[in-house]
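This report refers to the structure that appears directly beneath it.
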Amino acid sequence: MSEVLTERRGHVLLITLNRPEARNAVNSALAQAVADALDALDSDSSLRVGVLFGAGKGFSAGMDLKAFVAGDRPHIGDRGFAGITRRSAEKPLIAAIEGFAVAGGLEIALSCDLIVSSRDARLGIAEVKRGLVAAAGALIRLPKRIPYHAAMELALGGEFIDGARAYELGLVNRATEPGKALDTALELAEQIAQNAPLALAASKKIVSQAQDWNEAEAWQRQDEIAGPVITSEDAREGATAFAEKRPPEWKGR
């Protein structure tokens, strides 16, 4: 059985973590398969958006502790834990959460650009309850995305919140009824995929990096990233299609 399944849905690549019997816990094989799927997403010019989902009852319970004790290390090169937490896809990536995304599972979701969750899903980092530290990105990313004290409560308390509360905090983009997270994520992906691929990649890069730039640096770096897009064939096509009142035909160049 493949640890990760991939399925093309037009311009969208659905990537499914496929260890339901282990709560989609991450071992080295799953991590490598995720890294390979992200490479496939980024290298295929016909794909514009990825959706990451978990088979079975939940998204992911994090690292496979049994495999870890046996010497397995689910880190892949510069991509990090689960093949994603240190370097994600260059293209937009949406996490679709049902059931739970806890510990390293939440850190996988936080490595995505948008998160869709069912209202009753459980999200959290309980590492402190096990004498561990959520060192695959949660402690770095959470305080940048939700209020400081909310991030600190999650980090120090080790308790879970549900998808509805995560939506209130701004951690989740869409909170759905149970069983609807994937459909909603795919709808959001399709909406995004209608846009120009060069513009999508540049916009993602700027938004994800801008909070680490000072103001003077920000304008320079934005110009470096956006400049080639503004002079691209797609930019001309977008303006022409708007004037001619027709859908644009993106070339990715």
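Structure notes:
- Selection count, the range 222-247, where residues are of a type in the set (K, R) and either part of a helix (DSSP H, G or I) or in contact (Cβ under 8 Å) with a residue 12 or more places away in the chain (or both): 1
- Residue list for the range 195-253, restricted to those being modelled with pLDDT under 90 and hydrophobic (A, V, I, L, M, F, W, C): A216
- Residue in the range 83-98 that is under 15 Å from A29 (Cβ atoms) and either aromatic (F, W, Y) or open to solvent by less than 20 Å² (accessible area, probe 1.4 Å) (or both) present: yes
- Restricting the range 185-221 to residues that are of a type in the set (K, R) and touching a residue at least 40 places away in the same chain (Cβ under 8 Å), the residue that is farthest from S117 (Cα to Cα): K205
- Restricting A166, A67 to residues that are modelled with pLDDT of 95 or more and touching a strand residue (DSSP E or B) at 6+ places or on another chain (Cβ under 9 Å) narrows the list to A166.
- Figure legend. Inter-residue proximity from the range 35-64: first residues under 16 Å from L114 (Cα atoms), second residues of a type in the set (F, W, Y) and assigned to a strand (DSSP E or B), beta-carbon distance below 8 Å, spacing 6+ or different chains. Indicated pairs: F59/F53; F59/F100.
- Filtered residues of the range 1-26 (kept if open to solvent by less than 30 Å² (accessible area, probe 1.4 Å), within 19 Å of A103 (Cα to Cα) and in contact with a Phe, Trp or Tyr (Cβ under 8 Å, 6 or more places away or on another chain)): T16, L17, N24, V26
- Within the option set V34, V51, being part of a helix (DSSP H, G or I) and either closer than 20 Å to A181 by Cβ or open to solvent by less than 40 Å² (accessible area, probe 1.4 Å) (or both) holds for one residue only, V34.
- Restricting the range 118-134 to residues that are of a type in the set (A, V, I, L, M) and open to solvent by less than 80 Å² (accessible area, probe 1.4 Å), the residue that is farthest from F100 (Cα to Cα): V128
- Selection of the range 65-82 for residues being within 21 Å of P20 (Cβ to Cβ), open to solvent by 20 Å² or more (accessible area, probe 1.4 Å) and not hydrophobic (A, V, I, L, M, F, W, C) yields K66, D72.
- Checking each residue in the range 31-59 for being within 13 Å of the chain's Cα centre (by Cα) and of a type outside the set (A, V, I, L, M, F, W, C) picks out G50, G54.
- N195, sole failed condition from (1) open to solvent by less than 70 Å² (accessible area, probe 1.4 Å); (2) within 20 Å of L47 (Cβ to Cβ); (3) not acidic (D, E): (1)
The values are calculated or read from the model by the stated rules, or taken from the named source; none is laboratory data. In this text, all values refer to a predicted model and were calculated from it rather than measured experimentally. Counting neighbours? That spans all protein chains shown, and the Cβs are built from the backbone with ideal geometry, glycine included. The area values use the complete protein model at the heavy-atom level, side chains included, leaving out ligands, DNA and RNA. Shrake-Rupley method; radii C 1.70, N 1.55, O 1.52, S 1.80 Å.
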